[in-house]
Amino acid sequence: MDALENLLKEIQNVKVIDDSISYTEYIPLDLSVSNIELSKLAIDDATIFEEFIEEKLLKNNAKVAFGGYNEERNLYKRSTVFNDNQTEERNIHIGLDLWIKAGTPVLAALDGTIHSFNYNNNLGDYGPTILLKHSIKDQPFYTLYGHLSLESIANIEVGSYYTKGQQLATLGDATVNGNYAPHLHFQIIKDIATNVGDYPGVCSKKDLNYYLENCPDPNLLLKIK
């Protein structure tokens, strides 16, 4: 475990969505290729997928479903963003998803400034996206917030400062978020290179080692379960 990962483990009391919801009201959600239940579901239909998640939450008396880091998924086969038949398929998720209804407040994980933002408007993409830049104990890194509402990026500026827990955005719905059931894609990035308003949240098997090293498990910071 490197310096940033050790630092993330030390930080306490972090939330990235609605602070009024306790982590005791979160449940894990398995969207991996090994989940047989998903093979019977039209997961490329955002409405059906949202109903599936709401049913899971209701059955477990929960408000948020979470998971997906280093998870191989079939969810991306529908989009050429991840599968163009010319390069190796990208199907391994390297962020953490938090599934909850559209309009839910999204919070800055830590003190930081807006590095960049963009409307990544492709099928299966992030939709409205914000990246924050952080520096703790002289350790620079970034956090990415994907699948936001369009309003979230309407009146923001690069360099604006947000404090830990301050509302940064709200979640978007399927009409703007890449055609997914509403959720937040939250990702930690060490080296953002030249990326602006975007950063890969799904990778191929051949690139997995690099992305796991460059994008630590977000639950080191969130400590959900």
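The values are calculated or read from the model by the stated rules, or taken from the named source; none is laboratory data. Note that the structure is a prediction, hence the values are computed from the model and not measured. So basically every Cβ, Gly included, is an ideal-geometry build from the backbone, and we count neighbours across all protein chains shown. Surface accessibility is based on the protein's heavy atoms, side chains included, excluding ligands, DNA and RNA. Shrake-Rupley method; radii C 1.70, N 1.55, O 1.52, S 1.80 Å.
All but one of (1) part of a loop (DSSP other than H, G, I, E, B); (2) at pLDDT 95 or above; (3) open to solvent by 30 Å² or more (accessible area, probe 1.4 Å); (4) within 14 Å of Pro128 (Cβ to Cβ) hold for Asn155; state the number of the condition that does not hold.
(2) is the only condition that Asn155 fails.
So the check is Cβ under 6 Å with 6+ separation or different chains; which pairs have a first residue in the range 201-214 that's under 20 Å from Asn120 (Cα atoms) and a second one that's part of a helix (DSSP H, G or I) and modelled with pLDDT of 95 or more?
Short answer, once both residue conditions are applied: Cys203/Tyr211.
Starting from the range 132-152, take each residue that is closer than 12 Å to Ala169 by Cβ and open to solvent by 50 Å² or more (accessible area, probe 1.4 Å) and list its partners that are assigned to a loop (DSSP other than H, G, I, E, B) and of a type in the set (Lys, Arg), counting only C-beta distances under 7 angstrom and pairs at least six apart or across chains.
As it stands, the answer is none, since no pair meets every condition given.
With respect to Leu220, determine if the residue is touching a residue at least 40 places away in the same chain (Cβ under 8 Å), more than 19 Å from Asn120 (Cβ to Cβ), not in a loop (DSSP other than H, G, I, E, B) and not β-branched (Val, Ile, Thr). Before you say what the answer is, go through the steps one by one.
Working: touching a residue at least 40 places away in the same chain (Cβ under 8 Å): yes; more than 19 Å from Asn120 (Cβ to Cβ): yes; not in a loop (DSSP other than H, G, I, E, B): yes; not β-branched (Val, Ile, Thr): yes.
The answer is yes for Leu220.
Name the residues in the range 115-152 that are more than 18 Å from Asp217 (Cβ to Cβ), assigned to a strand (DSSP E or B) and among the hydroxyl-bearing types (Ser, Thr, Tyr), would you?
Hits for the range 115-152 are Ser116, Tyr119, Thr129, Ser135.
Which ones in the range 116-147 are of a type in the set (Ser, Thr, Tyr) and under 18 Å from Cys215 (Cα atoms)? Write out each step before concluding.
Here is the first cut: in the range 116-147, the residues of a type in the set (Ser, Thr, Tyr) are 116, 119, 126, 129, 135, 142-143, 145.
Selection gives Ser116, Tyr126, Thr129, Ser135, Tyr142, Thr143, Tyr145.
Tell me, which residue of the range 158-176 that is assigned to a strand (DSSP E or B) and among the hydroxyl-bearing types (Ser, Thr, Tyr) is most open to solvent (accessible area, probe 1.4 Å)?
Among residues in the range 158-176 that are assigned to a strand (DSSP E or B) and among the hydroxyl-bearing types (Ser, Thr, Tyr), the one most open to solvent (accessible area, probe 1.4 Å) is Tyr161.
Please verify whether the range 90-98 includes one or more residues that are part of a loop (DSSP other than H, G, I, E, B), of a type outside the set (Asp, Glu), touching a Leu at 6+ places or on another chain (Cβ under 6 Å) and surrounded by 15 or more Cβ atoms within 10 Å (Cβ to Cβ). I'd like the intermediate steps shown before the answer.
Going through the range 90-98, the residues part of a loop (DSSP other than H, G, I, E, B) turn out to be 90-91, 94-95.
Now narrow it down to the ones that are of a type outside the set (Asp, Glu): 90-91, 94-95.
With the extra rule that they be touching a Leu at 6+ places or on another chain (Cβ under 6 Å), the set shrinks to none.
For the range 90-98, residues part of a loop (DSSP other than H, G, I, E, B), of a type outside the set (Asp, Glu), touching a Leu at 6+ places or on another chain (Cβ under 6 Å) and surrounded by 15 or more Cβ atoms within 10 Å (Cβ to Cβ): absent.
For the range 62-80, check the following and say yes or no: at least one residue is modelled with pLDDT under 95, among the small types (Gly, Ala, Ser) and assigned to a helix (DSSP H, G or I).
Checking the range 62-80: not a single residue is modelled with pLDDT under 95, among the small types (Gly, Ala, Ser) and assigned to a helix (DSSP H, G or I).
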